[in-house]
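Working notes, structure below.
Derivation of every value follows stated rules applied to the coordinates shown; laboratory data play no part. Small disclaimer: the values here were computed from a predicted structure and weren't measured. Positions of Cβ are backbone-derived with ideal geometry, glycine not excepted, and every protein chain shown enters the neighbour counts.
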Amino acid sequence: MGGGLFLYLIGAILILSFGLGKKVPNQRKTKGIITDITHVHTSGKGKPVYRATVAYSINGKTYEIESGYYSSDYHIGKKIVVLYNEMDPQEGIVRPNMRIVLFAGLLFLAGTYVIIKEFLKI
């Protein structure tokens, strides 16, 4: 069960740390563009951690938000999906990279499967 629990926990940590289940009220989606990438800090392993600034326009007004994470395929000028609150367009989030969503979901499901399989053997 140790391996299943490990997969389950890693999947859960990815889901929580990347805000994969995060939504905004009255959610709508639009395209945003990365306008800046800022170095936030250096990880314990000596790797730089970045955050992207994303601009998006709703009804002729431009808003800016910061991503909660940095993807290696981000670059200034890249268009990405922004989820925003239709009633309060300044409230928005960057939609997570689908590869991260799929990877985290697969780890979580694989861990759950192994745990259930081991539990049913008892």
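Report, in listed order, any pair from LYS23/LYS61; LYS23/LYS79; LYS23/LYS47 with a Cα-Cα distance greater than 25 Å. In this structure, LYS23/LYS47 exceed 25 Å between Cα atoms.
Look at SER43, SER67 and count the other Cβ atoms within 10 Å of each Cβ; fewest to most, that gives SER43, SER67.
Within region 23-95, the percentage of alpha carbon pairs spaced more than 17 angstrom apart rounds to 42%. Amide H contacts for LYS78 (H built 1.01 Å from N in the peptide plane; partners 5 or more residues away or on another chain; cut-off under 5 Å): ILE34. Model label points for THR35 and PHE6, set 7 angstrom from Cα along the Cα-to-Cβ axis, are 4.5 nm apart.
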